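Every number here is computed from the coordinates shown, using simple stated rules; none is lab data. Since this is a predicted model, take the numbers as computed values, not measurements. Note that each Cβ is placed from the backbone with ideal geometry, even for glycine, and that neighbours are counted across all protein chains shown.
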Amino acid sequence: MSSFLPKVEKNKKIFSIKAKVFFLSEMWGKNRGGSCLMIKVLFVCLGNICRSPMAEAVFNDMLKKSGLEDRIEADSAGTGNWHVGKPPHEGTRSLLSAKKISCEGLYARQITDKDPEAFDYIIAMDAENAGHVRSLAGYGSKAVIRRLLDYVEDCETADVPDPYYTGNFDKVYELVAKGCSELLKDIRKEHKL
């Protein structure tokens, strides 16, 4: 048994057991319930040009205002590939600009099979996209996969409607802002932030 113990040279300091435990818990975190690891959130819609980049921008703005941008990061993706490489829809950009929320540097991408393991939360805008994400993730994914409005109690709708078809970017913003606010509260509570 003593062969497993490290050899200690004279005048060398070694960490106490308490210091080692503290270091390891800080290094690797306790992921659920107070982690020092970056918490990663992925917002998903169909084409990644309207709803999910709006949610990413709104959520990032909330993180910045609450001082949590060094603990939580957000990204967005689409289940379809039609708009890959394009900036957010003009309706999304205009609305965010009016709200003084930046969407600079956001470009559409398609969700990949690596995303369910890379993100802690994958937040879909509607049931159809949540289903696609669950199919992609398979059984045993580490990510929490939910719809954004699942976080909003007594919401008049379960899905964020697609303004690409409805043109109602104001209503989408209202729902996205509510959902992002409640999601952030949930993450803060879960991770003791």
Which entries of 40/171; 114/192; 99/142; 99/189; 142/189; 100/189 show an alpha-carbon separation above 30 angstrom in the structure shown? 99/142
146, 51, 93 arranged by Cβ crowding within 10 Å, fewest neighbours leading: 146, 93, 51
Please rank 106, 37, 184, fewest neighbouring Cβ atoms within 10 Å first, as an exposure proxy. 37, 184, 106
Rounded, prolate or oblate: pick one for segment 127-193, where a ≥ b ≥ c are the square roots of the eigenvalues of its C-alpha gyration tensor, a/c under 1.5 means rounded, and failing that, prolate if a/b is larger than b/c, else oblate. oblate
For residue 139 and residue 117, extending 7 Å from Cα along the Cα-Cβ vector and measuring point to point gives, in nm, a value of 1.8 nm
For the pair residue 190/residue 86, report the inter-label distance in nm, with labels modelled 7 Å from Cα in the Cβ direction. 3.1 nm
At most 15 other Cβ atoms within 10 Å and a DSSP loop assignment: could you name the chymotrypsin sites (Phe, Trp or Tyr not before Pro) in segment 59-155 that fit? 82, 107, 139
Checking segment 77-137 for GluC sites (Glu not before Pro) in a loop per DSSP with at most 11 other beta-carbon atoms within 10 Å yields 104
Listing 94, 141 by rising number of other beta-carbon atoms within 10 angstrom, fewest first, gives 94, 141
Taking a temperature of 25 °C and a viscosity of 0.890 mPa s, what whole-number D in µm²/s does Stokes-Einstein yield for segment 39-188 with Rh from Kirkwood over alpha carbon pairs? 164 µm²/s
